[in-house]
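Taking it in order: structure first as C-alpha cells, then the write-up.
The values are calculated or read from the model by the stated rules, or taken from the named source; none is laboratory data. Owing to the predicted nature of the structure, the values given are computational and were not obtained by experimental measurement. Virtual Cβ from ideal backbone geometry, glycine too; neighbours counted across all protein chains shown. Please note that ligands, DNA and RNA were not included when accessible areas were found on the heavy atoms of the full protein model with its side chains. Shrake-Rupley method; radii C 1.70, N 1.55, O 1.52, S 1.80 Å.
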Amino acid sequence: MTETLDETDLQILRTLQKNAKLTTKELADTVHLTPTPVFERQKRLEKKGYIKGYVAVLDAEKLGKGLLVFCKVKLMHINHEMANAFTRRIMRIPEVTECYNTSGSYDYLLKVRARDMKQYQEFVLNKLGDIENISSIESTFVMSEVKQNYGISL
C-alpha cells in the first residue's frame, strides 16, 4: 500500500525533478519551510523509494551517441527462464539505455544509443545477434526528439 504524500512532499518532489542540484536551504526556500524539516522529508522520501537517485542529464549528440533507436524484440519462446536470460544479457549491453517488457506483437522494447548507423548495425549483428532466442527485431530510428521530460506529473 502506498503511503499518502502531503502537498509539501509533492512540492519537494516537483522541485527536485526540475533541479536536483538545489541545496537544502534553496529547496527549503522554494517550499517555504526551514532546512531541517526539508532535509528530513527528503531523506524520508529517499528511504521510502520515492526518490530513486539523482542523475545528470547528458547531451548524447555532444558525446557522440546521437543516433537514437527504439528496437522491438520478439523472442522465439518465452518463459521465466528465457525472459531472465534475455534480460541478464541486455543488462550487460551499454548501448541499451532502457529496456521494457511489453505486450503486443513484441516482447521487449529497447532504447538504444549509438554513434551512427554503422555502430548500430554492429550492435544488431554482434550483440543482439549473439542472443539465440531472438525471433525478430524491428528498429525505429528517431529523426528528432520532440519532447523529452524525465519527470513524473505530480
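Going by accessible area, probe 1.4 Å, with all protein chains left in place, what is the ranking of Tyr54, Tyr150, largest first?
Accessible-area ranking of Tyr54, Tyr150, largest first: Tyr150, Tyr54.
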Taking a straight Cα-to-Cα line shorter than 19 Å from Lys48, and setting aside same-chain aspartates and glutamates fewer than 8 residues away, one finds Glu3, Asp6, Glu7, Asp9, Glu40
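Can you give the extra length, in nm with one decimal, that the chain gains between Glu98 and Ser153 once fully stretched, where that is 0.36 nm per residue apart less the Cα-Cα distance? Before the final figure, lay out the partial values.
Working: separation 55, 0.36 × 55 = 19.80 nm, distance 2.01 nm.
In short, 17.8 nm is gained.
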Computed over the chain: longest principal axis from alpha-carbon atoms vs helix 80-91 long axis, angle to nearest 10 degrees, is 70 degrees
Ignoring trypsin sites (Lys or Arg not before Pro) buried by more than 16 other Cβ within 10 Å or outside DSSP loops, the longest site-free run in the chain is 116-146
Per DSSP, the loop-located GluC sites (Glu not before Pro) within segment 18-122 having at most 13 other beta carbons within 10 Å are Glu61
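When the helices in the chain are scored as -39500 (n - 2.57) per DSSP H run of 4 or longer and the sum is shared across all residues, what 222 nm value do you end up with, to the nearest 500 deg cm²/dmol?
Numbers: 5 runs with 55 residues, N = 154.
After summing the helix terms and dividing by residue count, I get -11000 deg cm²/dmol.
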Whole-Å distance linking the alpha carbon centroid of segment 85-154 with that of segment 44-68 is 17 Å
Under a 1.4 Å probe, counting only protein heavy atoms, Tyr50 has an accessible area in Å², nearest 10, of 80 Å²
Expected vector for segment 115-121, Karplus 3J(HN,Hα) from phi with 6.51, -1.76, 1.60 and θ = phi - 60°, integer Hz, x for Gly and Pro, equals 5, 7, 4, 4, 5, 5, 4
Measuring from the longest principal axis of the C-alpha atoms of the chain, the long axis of helix 35-47 (C-alpha) lies at a number of degrees, nearest 10, equal to 30 degrees
Excluding ligands, DNA and RNA, the carbon-plus-sulfur percentage of the accessible area of the chain with a 1.4 Å probe reads 54 percent
Too long for a 18 Å Cα-Cα cut-off, among Lys74/Lys118; Lys21/Lys43; Lys52/Lys147; Lys21/Lys111, are Lys74/Lys118; Lys52/Lys147; Lys21/Lys111
Taking a straight Cα-to-Cα line shorter than 15 Å from Lys72, and setting aside same-chain aspartates and glutamates fewer than 8 residues away, one finds Glu95, Glu98, Asp107, Glu138
Any residue on another chain or 5+ positions along whose placed amide H is under 5 Å from the amide H of Leu5 is listed here as none
Among (i) 1.08; (ii) 1.19; (iii) 1.34, the value of Cα Rg over 2.2 N^0.38 Å computed for this structure carries the label (iii)
Residues meeting the amide H criterion for Ile134 (H placed from the backbone, H to H distance under 5 Å, 5 or more places apart or on another chain) are Met76
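Could you provide, to the nearest whole Å², the per residue accessible area of segment 24-85 with probe 1.4 Å?
Values: 4410 Å² over 62 residues.
Here the per-residue accessible area is 71 Å².
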If the chain between Glu61 and Lys43 were fully extended at 0.36 nm per residue, the gain over the current Cα-Cα distance would be 3.1 nm
